Amino acid sequence: MPYSDREGERPSYRVSDDAAETTKENRRLAMLADLRDRRSAAYLEQLGLTAGWRCLDVGSGGGALAQWMARQVAPGGSVLSTDIDLRFQPEGSGNIEVRRHDIVHEDLPENEFDLVHARALLQTIDQRETVLDKLVRTTKPGGWIVVNDPEWSTFERQPMPPAFRALYDAMMAIGQKANGYDRYWGGRLLAAFGERGLLEIQCDGDAHAMRGGTESAEWLILAYERAAPLLIQAALVDQATVDAGLREARRPEFLIMGPTSMVCRGRKPGAGYWK
Ligand SMILES: C[S@@+](CC[C@H](N)C(=O)[O-])C[C@H]1O[C@@H](n2cnc3c(N)ncnc32)[C@H](O)[C@@H]1O
């Protein structure tokens, strides 16, 4: 069931309501949080995230990072954690509000937040440029915008088992066609921040090895496993290729570099910047 059937528009992706699917997505989001939250937290601490800040985490998934932010900004600060799909995070409490919100079609207040954060979101959204404009508008003058998305060009150039590569190609093709997924968006972030006149821009990339049978690879393999019926239905791969690709990627000998995770930050100019 897509989120939007507006004519000519590619909708945000949605995990089905099937219990096995939602369990897999819960596991996958927890893995993503395990793998990435420490780095995200260190990055935000370096920016000076502290008591009193008003923060927004958009497309917050399992919500673990938003909860961490809420602890950092207490007392006096608060966090708005939004996602189009709230099935995977706890309800809001204390200084954290959890709100169902579609960042493509719904508005946000102007000049509201000291920090606006979006991780692994804009890559998946066809309207990413207008969404980034929206994130800038909702940031206070002097506030920070932090966007973190992967870039897959190094990943796809390395040697990998053939059935796994076929799965990767099929996933990228269906994501692009159905939702407008952009595998190179992480590499566009720096320019996108520059084009918006943001100040004190910085962009860093890092990548980690993915080893079969561990979380370092499983966060990706689970997504492929979940999407397999769609890939087969679209005649992008057959069942034998899916089985072989998943088997290859779960062997302990499977060892490849993960995608480059690009994190870009910038400050909104205007009154308040020099405070
Ligand atoms: C790959 S997950 C990343 C979750 C989290 N930010 C993280 O890094 O762990 C992408 C999230 O974006 C959400 N999402 C997709 N389209 C959205 C939209 N139009 N508005 C708000 N959230 C959206 C999904 O529901 C999902 O939770």
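The values are calculated or read from the model by the stated rules, or taken from the named source; none is laboratory data. Just so you know, these numbers come straight off a predicted model, no measurement behind them. Here Cβ is always computed from backbone atoms with ideal geometry, including for glycine, and neighbour counts include all displayed protein chains. Please note that ligands, DNA and RNA were not included when accessible areas were found on the heavy atoms of the full protein model with its side chains. Shrake-Rupley method; radii C 1.70, N 1.55, O 1.52, S 1.80 Å.
Worth a mention:
- Any hit, the range 101-115, residues being under 26 Å from residue 22 (Cβ atoms) and in contact with a helix residue (DSSP H, G or I) (Cβ under 9 Å, 6 or more places away or on another chain): yes
- Close pairs from the range 148-162: first closer than 18 Å to residue 32 by Cα and assigned to a loop (DSSP other than H, G, I, E, B), partner modelled with pLDDT of 95 or more and within 16 Å of the ligand (Cβ to nearest atom), Cβ under 9 Å, at least 6 apart: 152/172; 152/183; 152/186; 152/259; 152/260
- Against the test of being open to solvent by less than 10 Å² (accessible area, probe 1.4 Å), small (Gly, Ala, Ser), within 16 Å of the ligand (Cβ to nearest atom) and not in a loop (DSSP other than H, G, I, E, B), the options 192, 178, 170, 118 yield a single qualifying residue, 118.
- Search result, residues across the range 46-65 that are near the ligand (Cβ under 9 Å from one of its atoms) and either more than 26 Å from residue 266 (Cβ to Cβ) or not polar (S, T, N, Q) (or both): 57, 58, 59, 61, 62, 63, 64, 65
- Some residue of the range 251-258 being in contact with a Lys or Arg (Cβ under 6 Å, 6 or more places away or on another chain) and open to solvent by 70 Å² or more (accessible area, probe 1.4 Å): yes
- Being more than 16 Å from the ligand (Cβ to nearest atom), open to solvent by 30 Å² or more (accessible area, probe 1.4 Å) and assigned to a loop (DSSP other than H, G, I, E, B) holds for only one residue in 91, 110, 106, and it is 110.
- Residue 241 polar (S, T, N, Q) and buried (at least 18 other Cβ atoms within 10 Å of the Cβ): yes
- Look at the range 32-48: where a residue is assigned to a helix (DSSP H, G or I) and of a type in the set (Ser, Thr, Tyr) and a partner is open to solvent by 40 Å² or more (accessible area, probe 1.4 Å) and within 15 Å of the ligand (Cβ to nearest atom), sitting 6+ places away or on another chain with Cβ atoms under 8 Å, you get 40/119.
- Residue match in the range 50-67 (condition: farther than 20 Å from residue 263 by Cα, at pLDDT 95 or above and open to solvent by less than 30 Å² (accessible area, probe 1.4 Å)): no
- Across the range 139-147, a minimum of one residue is classified as open to solvent by less than 30 Å² (accessible area, probe 1.4 Å), closer than 30 Å to residue 167 by Cβ, more than 9 Å from the ligand (Cβ to nearest atom) and assigned to a strand (DSSP E or B).
- Residue 9 meets all of the listed conditions (1) part of a loop (DSSP other than H, G, I, E, B); (2) within 12 Å of the ligand (Cβ to nearest atom); (3) open to solvent by less than 50 Å² (accessible area, probe 1.4 Å) but one, namely (3).
- Residue in the range 135-144 that is without any contact (Cβ under 8 Å) to a residue 60 or more places away in the chain, farther than 20 Å from residue 10 by Cα and within 17 Å of the chain's Cα centre (by Cα) present: no
- Residues being away from the ligand (no atom under 13 Å from the Cβ) and open to solvent by less than 30 Å² (accessible area, probe 1.4 Å) - total across the range 68-77: 3
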